[in-house]
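The values are calculated or read from the model by the stated rules, or taken from the named source; none is laboratory data. Note that this is a predicted model, so its numbers are computed, not measured. Glycine gets a Cβ as well: all are built from the backbone with ideal geometry, and neighbour counts include every protein chain shown. These area figures cover heavy atoms from the full protein model, side chains too; ligands, DNA and RNA do not enter into them. Shrake-Rupley method; radii C 1.70, N 1.55, O 1.52, S 1.80 Å.
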Amino acid sequence: MMQLYDTLTQKKTVFTPLSKTQVSLYVCGVTAYDHCHIGHARAYIVFDSLKRQLLHQGYSVTHIQNFTDIDDKIIAKAQKQGQSIGDLTAYYIQSYFHDMQALNILPASVYPKATEHITIMQAAIQDLLTAGVAHQDTNNDIVFNINAYSAYGDLSKKIRSELESGHRGVHGDGQHFVLWKQAKSGEPSWPSPWGDGRPGWHSECSAMARSYLGDTIDIHGGGEDLIFPHHENERAQAECCSGQPFVRYWVHNGFVTTDHKKMSKSLNNALSIREILKTVSPMALRFYLLRTHYRSQFQFSYAGLAASTKSLQKLFQLLDTDDTAPETDAQRTDLGGYFQAVIDYLDDDLNTVGAIGVIFELAKYCQKTGVGRSALRRCLDHIGIIVPSTKKLSPELAALLAARETARAEKAFEKADLLRDELLHHGIRIKDTRTGTSWQWVDDYDKL
């Protein structure tokens, strides 16, 4: 049975969903104003790993992950670049999908956008006004009074009387947060019973989660930076609207740090996924991020990434040859035990560190016995690692690759592009970087 650590209770408990066959999962998505960074990669690899484990257990998973496509940062960047908000967010949403496909992230069931769900947010806000936990303040914004919700602070373990304003969406004296902001000149807005405006950030996820998954959902996930104020405020709104527990298991992954500082755009130390993928394969990055338990902080370093890449390459090299003999019955039993050990570690609060340790032990077994490569592939596949194809390069394709390199060296770029397209037709995708050119079969892990 799977066990998960719940942030609210601060305990690891057996995971028991509402349904015996289906799991509802909501994961907070990106604010679409920039390219995704390594912190995003970690979060979505974590919840992809969780989803894969749930699917292996036989559950169907309804996975909702939003896009925040209206926000102060989005408005500021669109104005700075002279772009429409729609064009800006569409570009960065496409960038998100580009990066996630490269990292072999299973797609969500639905990706709701905030701007397409204004009506359900307004209905939820009206419910909160009717319940008496929200009111219109002197600025004509609609705000939630946290003192009207006795469980406020239970998720983040914060004391209400000590809260201060200044957090994203926390208002005035720190005892309120914004549900609906009055329109400002030059900013997008929507009509409402309380005047033209737009929803507060915290109103978006709680309304969309309940709209798609119901009043109580099994798992709500995100980075630990979202515990307060975002998830605390989501919980307050949802439970005051429905009178039901909002989430059964709150699951949060730890920060990615660099030089022992949280990696974030606000600190100007965020490394974008696409920059990292100019130097390593997507599977190398995924493997590296899985080698620290999801609840621990992840200290990113290029040295660590290089070492992890080398380890993964050794596994791939082992898989580039065939078993030297048929498996015996005893060996098949051994190999099944290795796979079950991977499953058992992942069932224990998604212990990817232990699971990867088993994979390395299995690799040693393969080297010692000459069998077990299919079991090793199965284990890597279960943690989302796509093993490169072992198809051999024909002399004709090798000649095309050499001809393209010659064309690039001679700066015959139009010819090089034609050869690139011809190679793609034959199933080879070219990747040109500042450090040289590489290629992979189209069905390999490099899908960029």
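Worth pointing out:
- Charge dipole (Cα centre; +1 on Lys/Arg Cβ, -1 on Asp/Glu Cβ; no other charges) of the chain amounts to roughly 920 debye.
- Fraction of accessible area attributable to carbon and sulfur, region 312-448 (%, probe 1.4 Å): 52 percent
- Prolate/oblate/rounded label for region 51-94 (Cα gyration tensor, a/c 1.5): prolate
- Cα gyration tensor shape of region 295-371, rounded if a/c is under 1.5, else prolate or oblate by comparing a/b with b/c: oblate
- Where D71, D323, D381 fall by accessible area, highest first, once all protein chains stay in place (1.4 Å): D381, D323, D71
- Rounded, prolate or oblate (a/c below 1.5 giving rounded, otherwise prolate when a/b exceeds b/c) for the chain by Cα gyration tensor: oblate
- Solvent-accessible surface of the chain, averaged per residue with a 1.4 angstrom probe and all protein chains in place: 45 square angstrom.
- With all protein chains modelled, accessible area of E275 [1.4 Å, Å²]: 80 Å²
- Based on DSSP H segments of at least four residues, each scored -39500 (n - 2.57), the chain has a per-residue ellipticity at 222 nm of -13500 deg cm²/dmol.
- Working from Cα pairs under 8 Å separated by at least six residues, relative contact order for the chain is 16 percent.
- Of the residues S394, S374, S206, ranked by 1.4 Å probe accessible area with the largest first, the sequence reads S374, S394, S206.
- Multiplying the residue separation of K431 and F360 by 0.36 nm and subtracting their alpha-carbon distance yields 22.6 nm.
- Accessible-area composition of region 56-125, carbon plus sulfur, in percent [1.4 Å probe]: 51 percent
- Neighbour net charge for I75 - beta-carbon separation under 12 angstrom, K R +1, D E -1: +2
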